[in-house]
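**Student:** There's a structure below that I have some questions on.
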Amino acid sequence: MNIHEYQAKALLEKFGVPVPKGAAAKTPEEFINALTELPEGPTMVKSQIHAGGRGKGTFTDGYKGGVKFCKTKAEAKEVASRMLGNTLVTVQTGPAGRKVQTVYFTVASDIKKEYYLAILLDRVASRPVIVASTEGGVEIEKVAHETPEKIFKVVVDPAYGLADFQVRELVTRLGFSGAEAKNASKLIRSLYSMYWETDAAMVEVNPLISTPTGEVLALDAKVSFDDNSLFRHPEIVALRDLNEEDPKEVEASKHSLNYIALDGNIACLVNGAGLAMSTMDIIKHFGGSPANFLDVGGGATRSQVVAAFKIILGDANVKGIFVNIFGGIMDCNVIATGIVEAVREVGLKLPLVVRLEGNNVDAGKATLASSGLTIVSGDSMADAAQKIVKLVGKAA
Amino acid sequence: MAILVTPESRILVQGITGDFGGRHAKLSLDYGTKVVAGVTPGKGGQFFEHGPHRVPIFNSVAAASRETGATVSAIFVPPPFAADAILECADAGLDLAVAITEGIPVRDMVRVKRAIAEKTMRLIGPNCPGVVTPGTGEKSFGGCRIGIAPGYIHKKGRVGVVSRSGTLTYEAVYQLTVLGIGQSTCVGIGGDPVNGTSHLDVIRMFNDDPETVGIVMIGEIGGNAEVEAARWIKANCKKPVAGFIAGATAPAGRRMGHAGAIVGGAEDTAAAKIAVFAECGIEVAVTPSDMAAALIRAAKARGVALS
């Protein structure tokens, strides 16, 4: 689960990580209150969407820059009114962009130097890793590619937590000394506590900055959480912004379906994540284009199948449906009956290819064949994929 | 011989009184697996009854193991309590714990993995379909089934299957069985980013197992476990290996069902992993329908008889 920058900053502050003073606003009326909390002087205005590349983004009305520096609070108010309600397109949003529903004002800090700091899971070590670099404010992927020697990593032993010597090593390699080093050490410890205690998947501060007065601050923050841990963090769940999620994905999660929208025209309905992924792959392999990832889980019930069909059909791009079920424990006939009922209930008009395999498959196929519905049966995944690609190709 | 478990292995089920654990304990008993104990704290002294079977329930793994000789646990407890269930197995000195539970917090698994590193117990999973060593009976009955895989699709034989995904494992096993090719052991290592046993761990076991003559390795996007295994295979494995990677069409940065299936960088894409497979002499299945056929190609090239 992702959260906005302004929410991340509030969490950081709660754990003792210094951030520039800021305030968020969701309506033009709130601009005045938010700005009153900040001192007069240089102010940053930042569009709040769950995507990176905001600064270099362009709004759909042609206005440039989702993050702007303003000399005065009055100017910040003007800029914010251009951003709020406007749709921002960045390298990460796709061409449709995201509507800005919150703007965040912060004090514009004096920057002495920019750094990079992140904490995430090192999958090889199965331990948390702190990644730091003297090159901040730029894409870390670019640094990793061009000057990998400028990136340092410290792997934390979960039995002992972040050790003092590791903090000293990070601070030294980042080149901090004196009061700055003391402040940076405190910040790194606080950031690690936040990562660990909130079950974060990733905490990224880019840039981390030092100021001419010796302060060390998190100027930007991107935080995501481990979905598996949300059950024990109601305070994090409360930060979820459904506006930032595809409405079809939100609906799917209500039915315990795992759905991800893609931009193709062949919808997939599959049991199991691995099979669902490879169903998308096989559609592509035979020249088609998958419209979604959809895993109905191991025990797909009739009501889940109906909900899945409704979600799939909510996507106007969909021109055909491929149902791929390996009924291991489940009876294929039960699944086939569910499909027939779902097709009748939603009044499906699009081509549908069903590939069933496993337990009691012959009865399942017979149910599909005798339903009176135009359901095309596929023998193997490859056969079924070729059939749906051909049917959709014809319809287009 | 098979790996990890044999039809003689004595199994306990943690969470046997829950819907999920109970249902699959029954299927394992029907398959002929020696399910000898259940563990549910507070329900010790009761019995889990199924047909002719009367499986004693204990309050702790230690007691269940001591009283029944169980050395392997199948874990079906809900995510908030699953990490504790794994630690309990390690503490009781079991040989193997197979964690079926999906949705265990990553932080819990980071701590568990650290804690069991010094123990002799092996962990398979979590978020996995389990382990099956097929038996000699009709439809492979009489084998050892731990977890949630459909037992009847298996056939006793000489091919090892290792996978992160449940349904893709069944797909591969089914393709092999239909072609008359049996399996030594099928291992689902699970779809989570932190798991107990890697592709490489299982490949090493298959390589050392005299009964296994060929291997199917099924992976997906995210992490570098498949790449690590492929490099080891190139240097050390003499047996034919077929490989498949799911997720070629997955968009970067999105979690594709499995918590571990997320493309983080250029190295963990399907294309990158497939390229490494080919470079390491692994026969790549071009589609999931091609997994058994790919192994047959690999075996033919090396003159190995799979059945």
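**Student:** Within the stretch A:374-387, is even one residue more than 14 Å from chain B (Cβ to nearest Cβ), within 20 Å of A:Val296 (Cα to Cα) and either touching a Pro at 6+ places or on another chain (Cβ under 7 Å) or not in a strand (DSSP E or B) (or both)?
**Tutor:** Scanning the stretch A:374-387, I find no residue that is more than 14 Å from chain B (Cβ to nearest Cβ), within 20 Å of A:Val296 (Cα to Cα) and either touching a Pro at 6+ places or on another chain (Cβ under 7 Å) or not in a strand (DSSP E or B) (or both), so the answer is no.
**Student:** Return the residue satisfying two criteria in turn: it lies in the stretch B:180-191 and is more than 8 Å from chain A (Cβ to nearest Cβ) and either of a type in the set (A, V, I, L, M, F, W, C) or over 10 Å from the mean Cα position of the chain (by Cα) (or both), and of such residues it is nearest to A:Gly272 (Cα to Cα).
**Tutor:** The selected residue is B:Ile189.
**Student:** Before we move on, is B:Val110 more than 16 Å from B:Ile3 (Cα to Cα) and either within 13 Å of chain A (Cβ to nearest Cβ) or free of Cβ contacts under 8 Å to residues at least 12 places away in the same chain (or both)?
**Tutor:** Yes: the conditions hold for B:Val110.
**Student:** Starting from residues that are in a loop (DSSP other than H, G, I, E, B) and under 18 Å from A:Ala125 (Cβ atoms), keep the ones in the stretch B:212-244 and report whichever is nearest to the other protein chains (Cβ to nearest Cβ).
**Tutor:** Filtering first and then ranking leaves B:Gly223.
**Student:** Working carefully through the options B:Pro129, B:Pro78, find the one that is closer than 30 Å to A:Asn258 by Cα and modelled with pLDDT under 95.
**Tutor:** B:Pro129
**Student:** Right, something else. Scan the stretch A:280-297 for residues that are under 21 Å from B:Pro129 (Cα atoms) and more than 8 Å from chain B (Cβ to nearest Cβ) and jot them down.
**Tutor:** A:Leu294, A:Val296, A:Gly297
**Student:** State whether the residues of the stretch B:32-51 include one that is closer than 16 Å to B:Val131 by Cβ and hydrophobic (A, V, I, L, M, F, W, C).
**Tutor:** Yes, the stretch B:32-51 contains a residue that is closer than 16 Å to B:Val131 by Cβ and hydrophobic (A, V, I, L, M, F, W, C).
**Student:** Kindly indicate whether any position in the stretch B:227-239 is surrounded by 20 or more Cβ atoms within 10 Å (Cβ to Cβ), closer than 30 Å to A:Gly264 by Cα, at pLDDT below 95 and not assigned by TED's automatic domain parsing to the domain that holds B:Val106.
**Tutor:** yes
**Student:** OK, next. All but one of (1) within 13 Å of chain A (Cβ to nearest Cβ); (2) closer than 27 Å to B:Lys155 by Cβ; (3) surrounded by fewer than 24 Cβ atoms within 10 Å (Cβ to Cβ) hold for B:Pro251; state the number of the condition that does not hold.
**Tutor:** It fails just one condition, (2).
**Student:** Now a separate question. Can you confirm whether the stretch B:152-159 contains a residue that is buried (at least 19 other Cβ atoms within 10 Å of the Cβ), within 9 Å of chain A (Cβ to nearest Cβ) and in a helix (DSSP H, G or I)?
**Tutor:** Scanning the stretch B:152-159 turns up at least one residue that is buried (at least 19 other Cβ atoms within 10 Å of the Cβ), within 9 Å of chain A (Cβ to nearest Cβ) and in a helix (DSSP H, G or I).
**Student:** From the list A:Glu169, A:Glu197, which residue is more than 23 Å from the chain's Cα centre (by Cα) and modelled with pLDDT of 95 or more?
**Tutor:** Selected residue: A:Glu169, the only one of A:Glu169, A:Glu197 that is more than 23 Å from the chain's Cα centre (by Cα) and modelled with pLDDT of 95 or more.
**Student:** Oh, and also: Considering only residues that are in a loop (DSSP other than H, G, I, E, B) and within 13 Å of the chain's Cα centre (by Cα), look in the stretch B:164-179 and name the one that is farthest from the other protein chains (Cβ to nearest Cβ).
**Tutor:** B:Arg164
**Student:** For the stretch A:8-29, state whether one or more residues are assigned to a strand (DSSP E or B) and within 24 Å of B:Ala252 (Cα to Cα).
**Tutor:** no
**Student:** When you check A:Gly274 against the structure, is it closer than 30 Å to A:Tyr195 by Cβ, buried (at least 20 other Cβ atoms within 10 Å of the Cβ) and in contact with a Ser or Thr (Cβ under 6 Å, 6 or more places away or on another chain), yes or no?
**Tutor:** It is true that A:Gly274 is closer than 30 Å to A:Tyr195 by Cβ, buried (at least 20 other Cβ atoms within 10 Å of the Cβ) and in contact with a Ser or Thr (Cβ under 6 Å, 6 or more places away or on another chain).
**Student:** Go through the stretch B:124-146 residue by residue and tally those that are within 13 Å of chain A (Cβ to nearest Cβ) and surrounded by 24 or more Cβ atoms within 10 Å (Cβ to Cβ).
**Tutor:** Looking only at that region, the number is 7.
The values are calculated or read from the model by the stated rules, or taken from the named source; none is laboratory data. Keep in mind the model is a prediction, meaning the values are calculated, not measured. Cβ coordinates were reconstructed from backbone atoms using ideal geometry, including for glycine residues, and neighbour counts include every protein chain displayed.
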